[in-house]
Amino acid sequence: MDEFAGRLGALRRLRGLTQERLADVSGLSVRGIRELERGRGRAPRPRTAALLADALLLAGAERADFLALTTARGRCDIDAAPPGELPPAINDLTGRDGELARLASLASPGIAFRRPGPAVVVLHSLAGIGKTSLAIGAGHRVRSGFPDGQLFADMLGGTLKPLDPAVVLGRFLRSLGVPDEQLPPTRAARVALYRTLTHDRRLVVVLDNAADERQVRPLLPAGAGSFVLVTSRRPLAGMEAVERLALGILTHPAGRALLRSIVGPRAIAEPAATAELAGLCGHLPLALRIAGNRLASRPSWSVARMVGQLRDLGTRLSTLTAGDQGVRAAFAVSYGQLTPAAALVFRRSSLLAPADFGVSLAAVTADLPDAPTAAALEELVDFGLLCTAGERYQFHELVRLFALERLQQDEPGRTVVAARARMVGWVLQRTGRSGYAGPVPGPGHDPMVS
C-alpha cells in the first residue's frame, strides 16, 4: 500500500469515520474513497485532497504533510467525470417497447444480487433489424441506474478487420482515468487492470457489432453491478451466463408507424400505399428507414411513386440505397463471412423461395450430401441470413433477392429459370408427385446446370 493510501485510511479510522461517512462529509463518492485507500491510480487532484483534509479536520503541519503526499505518481484520477460514450439515441425507435421493457428488467439493480457477474445480453438478428438502435436506446433508458458511466465501442465485427480487444481495452481504460503513460503494454495486463477498475463500478457497456466471443470476453466488467449489451449478427453461442434476445422484423402496424414518423402527412394521406411500401420493405427497419428517408428528401414524390419503384424485383435492392446506407451492402457483410459451403447453399437455396424448405431439398439444389447441407443451413441461421420454422428454413424476401443476385454474379454459367424448372421437375419426379419425363440426374450430377 502506498503512503497516501495508508495515511488516509489511518486518519479516517482515527476520526472514527466509515468510508461512507467520509464520503458524505467530503462530498466525494464512496467508490472514490475506497479506491484511494487501496492505492489505485494517480494521486487525487489538489481540490480532492483539500476536501479530504477538511473532512478529516486536518490543520497546520498535519494538513501540510497530508497534502504533500498527493504529489505521488501512479494513481488514476478519481475526479474524472464518469464516461458518457453512448451515441445519441434515435427519436423514432418504433415497435420495440417489449424488448426495451425486457432489457430494463434485466438491468434492474435487484438482478445484481442474484448473480456473481455483470448482466450480459446478446442482441442478435438479421442485418438491418435495428440492433444498434435498440442497444443505444436501452442504454440511455437505464443509464440513471449506473452512476459510473457508459462505455461504447463499435467492434467492427462486420468488416475484414474487427477491432483487437486490446485496442478497445486501451480506450476503455483511458475513459476510466488511466493516463497514457500508465497503460499496460500487453493485453493480459490490460484485462487485469480493467477488471480491477470495474469490480466495484456500476457501468453500462455497449459492445456493438461484435464478431465473435473472443472479441467480447476480455471486455466484460468484473463486478456484478454492470450491465453489458452486445450486438451481433450471430447469437455468440459460446458465451456462458448470458441472456440472448433474437430480434425479429417489425409487425405490420409498427412498420407503417415508422414510415409515418419519417414521411409525415404524405404517409397519412396514402394509407394503402404506405401499407404496401412497408410490405415491399419486408418490415425490415433498415429498408423502411431508407425508403422513408428517400421520400422525406423528395417532398414532391407521392408514396405511390416509391411503391412503383420497389415493385420491380430486379431493382428493389438498388432502390433501397441512400447515401452510405444500403440493404444490399448490409447483407453483403454477412455473405462475405460465410464458409464456401454455406455460401453455395445460400445462393442456390434462393431458387426454392418464397416457400419454406427442408434439408433434403436444399441438398438437392446445392448438390451436396444432407449432413454438410444441414451444417451450412445452420451457419446461415447463425448469420441471420435464414429464418427457421420448426425443422424448415425460409428466406426474408429481401435476403432472397440478394441471394439470387449472388447466384447470378458468382455462378454466371447458370440459367436461373431453366435451372429452377429442371430442379423442381426432378424433385417432383423423385417424390412421385409429377409426370415429369425429363432426365433424372445420377449420383453426383448437378441438377442445376442447364
Enter the angle in degrees (range 0 to 90, nearest 10) between the Cα long axis of helix 165-175 and the first principal axis of the Cα atoms of the chain, meaning the one along which they spread out most. 40
Interchain or sequence-distant (5+) residues whose placed amide H lies within less than 5 Å of the amide H of residue 148 are 202
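Give the longest segment of the chain that steers clear of GluC sites (Glu not before Pro) in DSSP loops with at most 14 neighbouring Cβ atoms within 10 Å, not counting the sites themselves.
The longest such stretch corresponds to 1-239.
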Expressed as an acute angle from 0 to 90° and rounded to the nearest 10, what is the orientation of the C-alpha long axis of helix 97-106 relative to the principal long axis of the chain? 40
Protein-only accessible surface order, largest first, of 365, 94 at 1.4 Å: 94, 365
Per-residue HN-Hα couplings for the stretch 144-150 [Karplus 6.51, -1.76, 1.60; θ = phi - 60°; Hz; x = Gly/Pro]: 4, x, 10, x, 8, x, 10
Bounding extents of the stretch 74-214 in its principal axis frame from Cα atoms, largest first in Å, are 49, 39, 28
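How big is the dipole moment of the chain about its Cα centre under a simple scheme where the beta carbon of each Lys and Arg is +1, that of each Asp and Glu is -1, and everything else is neutral? Debye, nearest 20, please. Walk me through the numbers on the way to the answer.
Details: 55 positive and 42 negative charges, 99 e Å.
That gives a dipole near 480 debye.
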Output the antiparallel fraction of DSSP beta bridges having both residues in the chain, as a percent to the nearest 5. 25
Counting only helical runs of four or more DSSP H residues, what would the 222 nm mean residue ellipticity of the chain come to if each run contributes -39,500 (n - 2.57) and the total is spread over all its residues? -14000 deg cm²/dmol
Over the chain, give the accessible area per residue in Å² for a 1.4 Å probe, as an integer. 45
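With a 1.4 Å probe and all protein chains left in place, how much of the accessible area of the chain comes from carbon and sulfur atoms, in whole percent? Before the final figure, lay out each step's value.
Numbers: 11020 of 20030 Å².
Of the solvent-accessible surface of the chain, carbon and sulfur hold 55 percent.
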What shape does the stretch 246-326 take by its C-alpha gyration tensor, where a ≥ b ≥ c are the square roots of the eigenvalues and a/c under 1.5 counts as rounded, a/b above b/c as prolate, and the rest as oblate? rounded
Roughly how tilted is helix 416-430, in degrees to the nearest 10 and between 0 and 90, from the longest Cα axis of the chain? 80
Dimensions in Å of the chain - Rg and Dmax from alpha carbons: 28.6, 106
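The values are calculated or read from the model by the stated rules, or taken from the named source; none is laboratory data. Predicted model, so just to flag it, every value in this text is computed and none were measured. Glycine also receives a Cβ, built like all others from the backbone with ideal geometry; neighbour counts cover every protein chain displayed. Heads up: the accessible areas ignore ligands, DNA and RNA and are worked out on the full protein's heavy atoms, side chains in. Shrake-Rupley method; radii C 1.70, N 1.55, O 1.52, S 1.80 Å.
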